[in-house]
Amino acid sequence: AIALRESLTADPQITQAELARRIGRSAPWVANTLGLLEAPEPIQGAVRTGQISAAHAKALKGLAPRTQVEIAKEAAQKGWSAHRTEEGVQEFKRSEEFRKEREARERKASEAVRQQQLAAIANFEKRGVGKDDRIVVDDRGYGSNDTARVAAELIHKASYTRVEVGGRATARPTG
């Protein structure tokens, strides 16, 4: 996997499909082998030492690193096939612990979106337009009208009455 990555890095013009053709392998084989580099280090080590196969590692993909290691250890100790490892992963995904892991990942993703929204709000600038002050929340570069909507809602709650949301959210002060 490391050698494949180095080959692709050395020649940025080469595609995975072209590399596969050159080494006599299929494009999915190259992609799956490169995918091993995304696995946690203990999983990569278990593949290198032959405790589990690349197919086992692929079956574990998408689980939290700690869980991948736990299931890999169980697979190695019990001599599970890659197919049995896939079944073990499915059993885990039906468990309460997986639900909690998934919720934690979703909370983390939601927090990242929230941070993006706060950054958009922090980027607003207050400009004088004649007698009427106006706040413009510029959400360019954040890629979501949701950011503008959240900013507009917060601005509205801060005593601004007219709030428009589009590529930009604008608000006019009350009174």
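The values are calculated or read from the model by the stated rules, or taken from the named source; none is laboratory data. Everything numeric here is computed off the predicted structure, so don't read it as measured data. Reconstructed Cβ throughout: ideal geometry from the backbone, glycine too, with neighbour counts over all protein chains shown. With ligands, DNA and RNA removed, areas are computed over all heavy atoms of the protein, side chains included. Shrake-Rupley method; radii C 1.70, N 1.55, O 1.52, S 1.80 Å.
Odds and ends about this structure:
- One residue alone among GLN68, GLN77, GLN90 is open to solvent by less than 60 Å² (accessible area, probe 1.4 Å), modelled with pLDDT of 75 or more, assigned to a helix (DSSP H, G or I) and under 27 Å from THR33 (Cβ atoms), and that residue is GLN68.
- Among the residues of region 98-110, at least one is under 18 Å from the mean Cα position of the chain (by Cα), among the polar types (S, T, N, Q) and surrounded by fewer than 16 Cβ atoms within 10 Å (Cβ to Cβ).
Residues checked against (1) aliphatic (A, V, I, L, M); (2) surrounded by 14 or more Cβ atoms within 10 Å (Cβ to Cβ); (3) assigned to a helix (DSSP H, G or I):
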site	(1), (2), (3)
ARG22	no, no, yes
PRO28	no, no, yes
ASN32	no, yes, yes
GLN51	no, yes, no
GLY62	no, no, no
